[in-house]
Amino acid sequence: MKRLIAATLLIEKCGTVADIGCDHGYISLYALKNSLADEVWACDISASSLNKARKLLQDYENVRFFVSDGFKELPYKPDTALILGMGGYEIVKIISGDKCADTLILGPHNNAYALRKALFMLGFGIVKDFCVCERGKYYDIIKASRTDKNAAEMPSEEKLFWGIFCDEKSPTLKQRLEKEESKLTGYKLTEINAEKLRVVREVLKWQR
Ligand SMILES: C[S@@+](CC[C@H](N)C(=O)[O-])C[C@H]1O[C@@H](n2cnc3c(N)ncnc32)[C@H](O)[C@@H]1O
């Protein structure tokens, strides 16, 4: 729940919030309970997953349900979209399509590097970027807003890997990096692993 709570706390009041890949519907429930939007759209590619959300949210009137691959079946662009609990590449595919919201709250389960890179290429600026630890596992949470494409400069490798604000002290990030450093030092030092280790050690310097 720590991951979901951290993400939902980033929602700002607006007209329409879409919960893409809603599954159980907990994110939509939070937005509805706290009146964060005029309408909440619970969306999932799987009809059976969406049924779980229908059950959970049955007492609310200002919620609509969509079986949809990303934004494809939505009537128009929502103001804010939350996309959590999917791989980074799947999220990239979704946000590259039409009707993508201008404000995104994202929780990739992996490949956050590729997602940050894609956000910059698509003209989004990252405004929040941190990790939370839940039951020993680390999760990235990223909030991004559409910005003037020319103004955004591609961040360094360190920031693409470990978060745009990885030069600001965070005990959770430090702990995550220390674990990663000890994992990587146990691996065969291929060129790729050596580069990963270099990046980890560079960011660790900023965290100490
Ligand atoms: C692991 S659940 C995550 C549920 C919730 N968002 C969370 O973070 O706890 C992933 C959900 O995303 C849905 N999903 C996967 N790809 C999707 C896509 N392209 N469009 C919409 N939903 C998708 C799956 O059906 C599944 O219900």
Counting only DSSP loop positions in segment 32-135, the trypsin sites (Lys or Arg not before Pro) whose Cβ has at most 15 other Cβ atoms within 10 Å are LYS72, ARG135
quick shape note, segment 167-208: Cα extents on principal axes in Å, largest first -> 29, 14, 11
With all protein chains present, segment 2-155 has a carbon and sulfur share of its accessible area (1.4 Å probe) in percent of 48
Rg/Rh of segment 126-208 (Cα atoms, Kirkwood Rh), to two decimals, equals 1.01
Over all Cα pairs of the chain, the Kirkwood radius sets Rh, and Rg/Rh then becomes 1.00
Here, chymotrypsin sites (Phe, Trp or Tyr not before Pro) of segment 53-103 satisfying both criteria (DSSP loop; at most 16 other Cβ within 10 Å) are TYR60, TYR76
Computed, not fitted: 222 nm per-residue ellipticity of the chain from DSSP H runs ≥ 4 (each -39500 (n - 2.57)), nearest 500, equal to -11500 deg cm²/dmol
Whole-percent carbon and sulfur contribution to the accessible surface of segment 167-208 (1.4 Å, no ligands, DNA or RNA) stands at 51
In the neighbourhood of LYS2 defined by beta carbon distances under 15 Å, the net charge of the other residues (Lys, Arg +1; Asp, Glu -1) is +2
Expressed as a whole-number percentage, the relative contact order of the chain with C-alpha contacts under 8 angstrom and at least six residues apart is 15
Of all GluC sites (Glu not before Pro) in segment 24-130, the ones in DSSP coil with at most 14 other Cβ atoms within 10 Å are GLU61, GLU73
Taking a probe of 1.4 Å and leaving out DNA, RNA and ligands, segment 167-208 shows per residue an accessible area in Å² of 69
Beyond 14 Å, the calculated P(r) of segment 92-172 holds a percent of Cα-Cα pairs equal to 61
Of the listed links LYS13/LYS128; LYS2/LYS55; LYS2/LYS159; LYS128/LYS174; LYS143/LYS188, those spanning more than 27 angstrom between alpha carbons are LYS143/LYS188
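The values are calculated or read from the model by the stated rules, or taken from the named source; none is laboratory data. Values in this document were obtained by computation on a predicted structure and should not be read as measured data. Backbone-built Cβ (ideal geometry, glycine too); neighbour counts: all protein chains shown. What goes into the accessible areas is simple: the full protein's heavy atoms, side chains included, and nothing from ligands, DNA or RNA. Shrake-Rupley method; radii C 1.70, N 1.55, O 1.52, S 1.80 Å.
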